[in-house]
Amino acid sequence: MPAEWEPQAAIWLSWPHNRATWPGQFRPVPPAFALFVAQISRFQAVRINAAAGLQSRAKRLCAAAGADLSRVTFYDHPTNDAWCRDHGPLFVKNDRTGEVAVTDWRFNAWGGKYPPYDLDNTIPQKISRRLKLRRFHHDMVLEGGSLDVNGCGLLLTSEQCLLNPNRNPQLRQSQIERNLCDYLGVTKIFWVGEGIVGDDTDGHIDDIARFFKPDGFVAATETNSRDANHRILRAVNERLQSFRTPAGKKFDLVSLPMPSPVAFKGQRVPASYANFLVINGAVLVPTFRQKKRDAAACEIIGGCFPGRQVVPLDAYHLIWGLGTLHCLSQQQPA
């Protein structure tokens, strides 16, 4: 599985339509999503799963947002929800032949929390068929947001998610690791503990820590000791500091401050700048209408990816669905 910063053929998305995902706040979501499409289309192709009946309005919204529609393709792939990072395929690449293939894992809506998810579970197969790519299927439950790779054999994940009994209670940790190694071409798995408050995915890694180069992590930190995330993220950072590269060296570790807490009707949501998306020539950073913190996060993430344009994207409406840019997207390697 290539690292996210390696060349991409396209970004896959799934058009938002499930009003229950953004209860009482759905109306601004499709226009915000269209702005996301528009920003990606400045740099590369966008491929969108959407039932045929959704496509006409979706195209109008994307055009109004300024998308380069010559780079945007809609596929008649109906979904239950919009979280393509988790229900989409995990693409792998053969470095010797250049062949790109699809790995297709079982999706159960984060431990069965949000049925139905039958349509979402068909997306990898539909994409592999449409693109005529080989598909490697495995019955293990796995979501793309639960892992991050450096493209050189290392994978980062959390115990709270992958070892959760609502995912694969029949599998031991060693069996889960073997499946990841066999299907994603990794050789070493690093485990951190738990994820941030409000995260209904049970600790997805893309809200807490990410590779930004083969030997470097960028990790969310909470400096307010009274905040519930302070202890959680301190423990994550302690784990990251203890890890060693295959050469036996410490990883470079960059601290990424958290936004101030964001809540909706008294419910805290998992707002995190670590949910950025790397694309060809740019990195898209979710922002939360917190001027100083947003700017600081963009500067730090920009420093992690020199030579890429930093594109802040207002995720205020998206985060009510409990995810933002990275959760909504899945990269297809070139």
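The values are calculated or read from the model by the stated rules, or taken from the named source; none is laboratory data. Just so we're clear, the structure is a prediction, and the values are computed from it rather than from any experiment. Heads up, the Cβs are rebuilt from the backbone with ideal geometry, glycines too, and the neighbour counts pull from every protein chain shown.
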So which of D68, D81, D76 ends up being of a type in the set (D, E), surrounded by 16 or more Cβ atoms within 10 Å (Cβ to Cβ) and over 30 Å from D182 (Cβ atoms)? D68
Here are some residues: N179, N166. Which one is outside any helix (DSSP H, G or I) and either touching a residue at least 40 places away in the same chain (Cβ under 8 Å) or over 17 Å from the mean Cα position of the chain (by Cα) (or both)? N166
Being at pLDDT 95 or above, surrounded by 16 or more Cβ atoms within 10 Å (Cβ to Cβ), hydroxyl-bearing (S, T, Y) and touching an Asp or Glu at 6+ places or on another chain (Cβ under 8 Å) narrows T221, T245 down to just T245
Checked A20, A32 against criteria (over 22 Å from V285 (Cα atoms) and among the aliphatic types (A, V, I, L, M)); the one match is A20
Can you work out which of the residues in the range 127-155 that are farther than 18 Å from F217 by Cα and among the β-branched types (V, I, T) is farthest from the chain's Cα centre (by Cα)? I127
Verdict on V102 being more than 16 Å from the chain's Cα centre (by Cα), surrounded by 20 or more Cβ atoms within 10 Å (Cβ to Cβ), more than 19 Å from E6 (Cβ to Cβ) and aliphatic (A, V, I, L, M): no
Going through the range 251-275 one residue at a time, which ones are touching a helix residue (DSSP H, G or I) at 6+ places or on another chain (Cβ under 7 Å) and either in a loop (DSSP other than H, G, I, E, B) or free of Cβ contacts under 8 Å to residues at least 24 places away in the same chain (or both)? F251, M258, P259, S260, P270, A271, S272
Are any residues in the range 25-79 under 24 Å from P124 (Cα atoms) and of a type in the set (D, E, K, R), and if so, which ones? R47, K59, R71, D76
Inspect the range 107-130 for any residue being without any contact (Cβ under 8 Å) to a residue 60 or more places away in the chain, at negative phi, assigned to a strand (DSSP E or B) and in contact with a strand residue (DSSP E or B) (Cβ under 7 Å, 6 or more places away or on another chain) and give the result as yes or no. no
Residue check, A3 against (1) assigned to a helix (DSSP H, G or I); (2) small (G, A, S); (3) surrounded by 17 or more Cβ atoms within 10 Å (Cβ to Cβ), all met but one. Which one? (1)
With respect to the numbered conditions (1) touching a residue at least 60 places away in the same chain (Cβ under 8 Å); (2) within 23 Å of I301 (Cα to Cα); (3) surrounded by 23 or more Cβ atoms within 10 Å (Cβ to Cβ), which one is the sole condition not fulfilled by L233? (1)
Mind checking whether some residue in the range 40-63 is assigned to a helix (DSSP H, G or I) and within 28 Å of V186 (Cβ to Cβ)? yes
Criterion: within 21 Å of the chain's Cα centre (by Cα) and surrounded by fewer than 21 Cβ atoms within 10 Å (Cβ to Cβ) - qualifying residue of V29, V46, V37: V29
Mind checking whether some residue in the range 109-117 is surrounded by fewer than 22 Cβ atoms within 10 Å (Cβ to Cβ), under 24 Å from H317 (Cα atoms) and in contact with a His (Cβ under 8 Å, 6 or more places away or on another chain)? yes
Among the residues of the range 276-302, write down those that are surrounded by fewer than 21 Cβ atoms within 10 Å (Cβ to Cβ), closer than 16 Å to A209 by Cα and either touching a residue at least 60 places away in the same chain (Cβ under 8 Å) or small (G, A, S) (or both). I300, G302
